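Data block below; observations after.
What follows draws every value from the coordinates through simple rules; no lab data is involved. Keep in mind that this is a model prediction, so the values were computed, not measured. Using ideal geometry, Cβ is built from the backbone for each residue, glycine included, and neighbour counts are taken over all protein chains shown.
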């Protein structure tokens with residue numbers, strides 16, 4: 001972990017506050033976020049969900065898309081997100097999950113611990129929400145973030161299982177999306193993967209049973225349905241391009 | 001005689017035999033009861049030649065079609081990436097004399113010929129660098145794709161280097177286990193004919209007669225069927241391409257993590273040239289030369305010196321294998337119900353890795369146009385013979401091009417190579433034309449040319465062939481701007497790719513360890 005990622009403790013970080021406006025500012029520059037299967041059901045009504053390969057590991061991750069170009073987030077409309085429920089990986093900021101090795105009865109055990117990113121723009125000592133109470137207890141904000149981190153931790157395992165099945169049943173296909181805006185310009189989303197609907201439709205009973213019993217069938221259909229949100233993103237983009245007050 | 005083609009017998013189990021078997025079996029459903037039966041008879045006593053370690057990009061489509069994973073191919077065939085060839089010392093013979101023939105087309109090649117602009121504006125940049133990014137990738141030892149690029153997909157067009165022996169074993173296993181090819185290990189000792197001179201069966205030592213409707217001769221230099229049985233004449237082209245002997249060695253890397261070159265290095269010598277092919281576990285190096293110009297001892301000395309200069313400390317103790325070659329091809333490749341594919345059809349020095357691509361092209365055409373019965377066969381055979389006569393001739397022309405453009409006069413070998421009477425008329429005509437205009441789409445008009453005109457551009461302008469341009473304005477100014485823009489794009493793309501692509505060995509290792517995604 002880089003130096004700016006510190007294990008959170010109520011002595012070193014007792015004065016730290018989180019400036020939520022700065023957090024939002026940061027999110028405004030994020031064109032996508034990693035998501036996990038447990039969130040698909042909630043997110044699929046708001047965002048297009050896709051898969052992509054991580055550049056560092058080559059492994060598939062699931063993402064919710066917010067914009068058509070780098071650092072563009074069409075889903076934040078000043079001063080707020082257009083929706084209430086944003087992905088876990090955004091709600092955990094500026095905290096991260098890390099692992100520390102503890103000896104337990106002489107056996108080394110990996111234990112998840114909360115880290116804080118001291119370079120995160122929301123982290124400061126002057127303005128915003130406290131993370132520790134004056135007596136050193138966790139603030140409601142931190143408690144919420146810790147439970148989010150825990151959900152992400154579990155989500156990694158769930159995602160691996162889902163992706164294994166998607167690959168096993170050939171349910172992913174590569175897709176390049178080009179959208180044409182009202183003003184004639186085009187925007188493209190490349191290197192993405194989506195559910196292979198033909199293969200999905202031709203799954204046999206046995207495969208369906210396997211996917212259903214692991215809760216993956218629902219996750220898969222959530223991804224399929226989430227594609228409808230692309231038109232919403234296009235609407236946002238068109239509105240964004242439209243100079244205010246003209247043509248109304 | 002049953003008229004329908006239901007059973008194909010392939011004689012010979014080298015790379016060409018198994019590639020042909022694989023393509024036929026997969027397309028004609030040999031693993032099913034109703035498919036075409038494919039039987040491959042392989043001699044247990046004749047060892048394969050085991051050269052042909054370089055392929056063309058076509059091999060990616062071939063392997064995909066046969067249904068093997070690219071990851072498995074890397075794991076089992078000791079394969080590496082090939083992004084073209086570097087020709088060293090072919091022009092002046094000087095130490096720094098070198099040019100590239102990359103596998104990507106020049107930028108915008110479909111609609112713009114960059115040669116006139118390059119000659120006028122930026123001759124000081126090597127042609128391959130000015131119009132494509134791939135030579136730079138080769139120089140930096142980079143792979144042609146990323147770890148996240150799916151199997152068989154590319155960032156920069158690529159082919160392979162491979163271990164021919166391991167590749168054959170890999171194909172054999174797939175063909176027998178997955179595609180339903182029947183494998184018979186036995187020697188063919190005689191041929192039985194029908195009254196019309198078609199082959200009825202090949203007679204084996206232990207498995208009796210193996211009958212078939214169509215026979216494919218993949219028996220290598222022995223040419224059991226097309227040569228020994230049918231006596232189809234061999235057209236030698238040694239008067240054009242002089243090289244008739246090769247000495248090959250396997251060279252270990254100096255360290256296990258030494259870089260693997262992602263291109264073939266072809267270095268011209270006094271009386272021939274040396275190939276240098278990097279596989280993950282070793283290099284394949286060989287001197288192919290003209291025995292009329294060079295003695296065996298002299299050639300061996302040259303080869304060992306090259307190996308020593310490349311940093312190998314065991315250059316004196318490496319085992320050298322001698323391979324005799326007769327450059328040329330059969331007068332016809334398909335006679336009666338027998339097709340020759342591979343070395344039985346012909347052989348040319350491996351200067352542009354034409355051996356395996358010809359096998360792929362022949363096996364693909366046979367597969368796609370497989371006559372369903374004997375009546376259709378003669379028509380397909382005629383077409384096949386015309387097509388492949390044309391292809392062999394074009395390859396001979398293209399190989400000769402590498403020689404006639406030399407400025408070397410240090411040995412008789414190079415002087416003789418430039419003699420007019422050693423150059424085919426077809427090539428001389430083209431060279432006469434190309435004094436005044438550069439090769440482009442109009443020069444090669446077949447839909448499936450072996451070498452595109454772009455390849456001629458890379459060799460001609462890599463070797464500095466002069467071009468006299470007319471003084472009158474022939475092209476609109478917009479063309480000029482377009483060309484400048486394409487070269488600009490190429491420079492940007494070069495910068496971007498050199499930043500984003502991994503080292504060749506690093507990627508190959510990762511593929512073998514973790515596997516590429518199919519999608």
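Considering only DSSP beta bridges whose two residues both sit in chain B, what percent are antiparallel, to the nearest 5? Working shown, then result.
Numbers: 48 of 68 bridges.
Of the beta bridges lying entirely in chain B, close to 70 percent run antiparallel.
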Cα centroids of region B:342-361 and region B:134-194: how far apart, whole angstrom?
14 Å
Expected integer from the mean partner chain Cβ neighbour count at 10 Å over B:218-224 is 0
Let's test the formula: R0 of 60 Å, r as the Cβ-Cβ distance of residue A:186 and residue B:331. What FRET efficiency results, to the nearest 0.05?
0.60
Rounded to whole Å, give me the distance from the Cα center of region B:12-36 to that of region A:39-99.
49 Å
Taking every C-alpha to C-alpha distance in chain B and binning by 20 Å from 0, the per-bin percentages run 22, 55, 23, 1
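Given axes a ≥ b ≥ c from the Cα gyration tensor, I'd like to know whether the protein assembly as shown is rounded (a/c under 1.5), prolate (a/b larger than b/c) or oblate.
Numbers: a/c = 2.07, a/b = 1.69, b/c = 1.23.
Judged from the Cα gyration tensor, the protein assembly as shown comes out prolate (a/c at least 1.5, a/b above b/c).
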Ascending count of other beta-carbon atoms within 10 Å, so fewest first, for B:344, B:354
B:354, B:344
Taking N as its residue count, the alpha carbon Rg of region A:76-225 over 2.2 N^0.38 Å:
1.44
If we count other beta carbons within 10 Å of each Cβ, what is the order of B:436, B:99, fewest first?
B:436, B:99
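Ranked from highest to lowest mean number of other Cβ atoms within 10 Å per residue, what is the order of the peptides B:416-426, B:106-116? Mind showing how you got there, number by number?
On the way: B:416-426: 13.6, B:106-116: 18.5.
Final packing ranking: B:106-116, B:416-426.
Report the calculated FRET efficiency for residue B:125 and residue A:41 (r = Cβ-Cβ distance, R0 = 45 Å), to the nearest 0.05.
Working: r = 57 Å, r/R0 = 1.27.
Step by step, r from the Cβ atoms, then E = 0.20.
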Quarter of Cα convex hull surface for region A:50-161, i.e. mean projection, nm²:
10.6 nm²
Say R0 is 51 Å: what FRET efficiency, to the nearest 0.05, do residue B:236 and residue A:173 get from their beta-carbon distance?
0.50
Residue B:317 versus residue B:297, label points 7 Å from Cα toward the beta carbon: distance in nm?
2.4 nm
With springs only between Cα atoms under 10 Å apart, run a GNM on chain A and tell me which of A:227, A:55, A:140 wobbles the most.
A:55
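Using the count of nearby Cβ atoms within 10 Å as a rough guide to exposure, how do B:499, B:282 rank from fewest to most? Display every interim value, and only then the final one.
Values: B:499 8, B:282 15.
With the sparsest Cβ surroundings first, the list reads B:499, B:282.
Based solely on its DSSP helices, what 222 nm [θ] is calculated for chain A when runs of n ≥ 4 H residues each add -39,500 (n - 2.57) and the sum is averaged over all residues, nearest 500 deg cm²/dmol?
Details: 8 runs with 86 residues, N = 248.
For chain A, the value works out to -10500 deg cm²/dmol.
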Using label points projected 7 Å from each Cα along Cα→Cβ, tell me how many nm separate residue A:224 and residue A:151, to one decimal.
2.6 nm
Centre separation in Å (Cα based) which lies between region B:367-398 and region A:157-201
42 Å
7 Å from Cα along Cα→Cβ at both residue B:513 and residue B:305: what's the point-to-point distance in nm?
4.1 nm
